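Asker: Here it is, the structure, as structure tokens.
The values are calculated or read from the model by the stated rules, or taken from the named source; none is laboratory data. Note that this is a predicted model, so its numbers are computed, not measured. All Cβ positions, glycine included, derive from the backbone under ideal geometry; neighbour counts span all protein chains shown.
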Amino acid sequence: MAYAADFEKALQVGRPPNIQSLFPTSRALIVSGKVIDRAMRARGKAIAMAANGRNYFVIRGALKAAQRAHAPVIIEIAKSEGGQKAYCAVNYWNMARIVDALCNEMRITVPVAIHADHYGIKNEKDLAAAKVEIPTMFEAGITSIAIDASHQPDDRNLLASIAINPFIPKWAGLETEVGEIKGASGLSTVGEALFLVRGLNARGIFPDWIALNNGTTHGIEASDAGIQVGLTADIHEALVPYKMSGAQHGTSGNSSERLREIADRTHTTKANVATALQMISWGLEVNDYGNAQLDAEGRFIKRQGEGMDDGVWAEMVAYADGKGWKKGDYKNLNLPFENRLLALPAGIRERMCRGVEEFAYKMMTRVFNAKDTAPLAIEAILASGSFDLGPKAGRIEDPAEWTDAKIVERAKTLGSDTGAQGDFDD
């Protein structure tokens, strides 16, 4: 009963202005990403699932899992998945509407953030476009964003992150990123992370999360080499004065044991789960590492009686074969087949969602230590009395030491261990 009363109070003060405007009569507690981060930090050694909503079934299943776990959740989509050149029907401009409708239908009472993941800025043209596009995304209900200019050199990454910040609401959750220019073989360093965070701090920008290239990739993994927990812990420890939390990308390819170690040894409070949830919604065999399993002929294994019906799966495989798509290209099936899947009988749609729910619930409760953290998110809202929780840390750095010119000079001391170019859009 106490939670119910506090939930009602949080509904009144905790929803950001864009959400209030879009959904004035809604009972969905859609919040800033800051709220989710604060709840995980209050629990300690806990991580919120950031479920990539590549399709309707993933979103529905993840929300049901969060309600069962009594844990706040982040529903997100990346620029490649849901931007202007999307390969998913879910996108930056309709995701909040889908989430709000589902929360009201299913009476979801845990806080939910709507996150624009991997908003890539790779050059000046992208930066100019972002200044127009990002406001439209917040108008459509986004409550948290990851600015990813990390495909550029360190100084350009920092300068682009500074330049785009005025277009992001101060109340919104903010993720920054370092190291992706290094590709698969070059890892982020303590020096690079400090360079980015110190520069942002000097300019009055206080991100909630930092994402690293810490030994993982995205999508279907060829191995289980996985996330370098020690490296991640070292970087997070160096950033303690700035009260930074970690955002872990690419959890596929990492066992439950390694993910528990990340929760235990690092300051990670957000972990992206994407490809595994997509595959499970389709009814494919997935191992503990989140990797889809293959048969003797190198094809995905469709589990009988799970996910979509076998006939539709055969259609999808034939479509992919006709396009010459490899295993890693199957994500592109989301857009052409979303309506086909939504037209399946209710029982089949329900089992698609149920598979996601069971997998996500297990991760939330047994791996991420997020069970029963929803009250901590509510407490954070009520303690602030607002949808805007403000920054976790104040300005530490001297702005005079972080002018544009000095940023360029400082970057020259970081080295250039770039490794092989990567593909990290998801």
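Asker: Can you work out which of the residues in segment 279-314 that are among the β-branched types (V, I, T) and not in a loop (DSSP other than H, G, I, E, B) is surrounded by the most Cβ atoms within 10 Å (Cβ to Cβ)?
Answerer: Among those residues, the one meeting the criterion is I280.
Asker: Shifting gears a bit: Please list, ordered by first then second residue, the pairs with beta carbon atoms under 8 Å, 6 or more apart or interchain, first in segment 338-352 and closer than 14 Å to A62 by Cα and at pLDDT 95 or above, second not in a helix (DSSP H, G or I) and not aliphatic (A, V, I, L, M).
Answerer: R351/G283; R351/G305; R351/E306; R351/G307; M352/G283; M352/G307
Asker: Continuing with the same structure: Residue check: is G422 modelled with pLDDT under 95 and either surrounded by 14 or more Cβ atoms within 10 Å (Cβ to Cβ) or in a helix (DSSP H, G or I) (or both)?
Answerer: Answer is yes for this residue.
Asker: Of the residues that make up segment 140-155, is at least one under 21 Å from the mean Cα position of the chain (by Cα) and part of a helix (DSSP H, G or I)?
Answerer: Looking for residues that are under 21 Å from the mean Cα position of the chain (by Cα) and part of a helix (DSSP H, G or I), one finds none in segment 140-155, hence no.
Asker: In segment 252-287, which residues are farther than 19 Å from D117 by Cα and of a type in the set (K, R)?
Answerer: R258, R260, R265
Asker: A further question on this structure: Going by what's in this entry, would V99 be described as closer than 25 Å to P207 by Cα, buried (at least 24 other Cβ atoms within 10 Å of the Cβ) and more than 14 Å from the chain's Cα centre (by Cα)?
Answerer: Spelling it out, V99 is indeed closer than 25 Å to P207 by Cα, buried (at least 24 other Cβ atoms within 10 Å of the Cβ) and more than 14 Å from the chain's Cα centre (by Cα).
Asker: Right, next: If a residue counts only when it is crowded, with 24+ Cβ neighbours inside 10 Å and either within 16 Å of the chain's Cα centre (by Cα) or not hydrophobic (A, V, I, L, M, F, W, C) (or both), which helices (runs of 4 or more DSSP H) contained entirely in segment 1-65 have at least 1 such residues?
Answerer: 33-43
Asker: Working only within segment 392-410, note down all residues that are out of contact with any strand residue (DSSP E or B) (no Cβ under 9 Å at 6 or more places or on another chain) and either at pLDDT below 95 or within 30 Å of K9 (Cα to Cα) (or both).
Answerer: Across segment 392-410, the qualifying residues are A393, G394.
Asker: When you check Y92 against the structure, is it touching a helix residue (DSSP H, G or I) at 6+ places or on another chain (Cβ under 6 Å), among the aromatic types (F, W, Y) and surrounded by 24 or more Cβ atoms within 10 Å (Cβ to Cβ), yes or no?
Answerer: yes
Asker: Looking only at segment 117-135, decide whether some residue is surrounded by fewer than 18 Cβ atoms within 10 Å (Cβ to Cβ), part of a loop (DSSP other than H, G, I, E, B) and either of a type outside the set (G, A, S) or free of Cβ contacts under 8 Å to residues at least 40 places away in the same chain (or both).
Answerer: There is at least one residue in segment 117-135 that is surrounded by fewer than 18 Cβ atoms within 10 Å (Cβ to Cβ), part of a loop (DSSP other than H, G, I, E, B) and either of a type outside the set (G, A, S) or free of Cβ contacts under 8 Å to residues at least 40 places away in the same chain (or both).
Asker: Looking at segment 315-335 only, could you name the residues that are among the aliphatic types (A, V, I, L, M) and either closer than 15 Å to G355 by Cβ or buried (at least 17 other Cβ atoms within 10 Å of the Cβ) (or both)?
Answerer: The answer is M316, A320, L333, L335.
Asker: List the residue pairs whose Cβ atoms are under 9 Å apart, where the first residue sits in segment 396-415 and is surrounded by fewer than 11 Cβ atoms within 10 Å (Cβ to Cβ), the second is among the basic types (K, R) and at pLDDT 95 or above, and the two are 6 or more positions apart or on different chains.
Answerer: Going by the 9 Å Cβ cut-off, the qualifying pairs are A400/K406.
Asker: Now, a different point. Return the residues of segment 66-85 that are surrounded by fewer than 19 Cβ atoms within 10 Å (Cβ to Cβ) and part of a loop (DSSP other than H, G, I, E, B); say none if nothing qualifies.
Answerer: H70, Q84, K85
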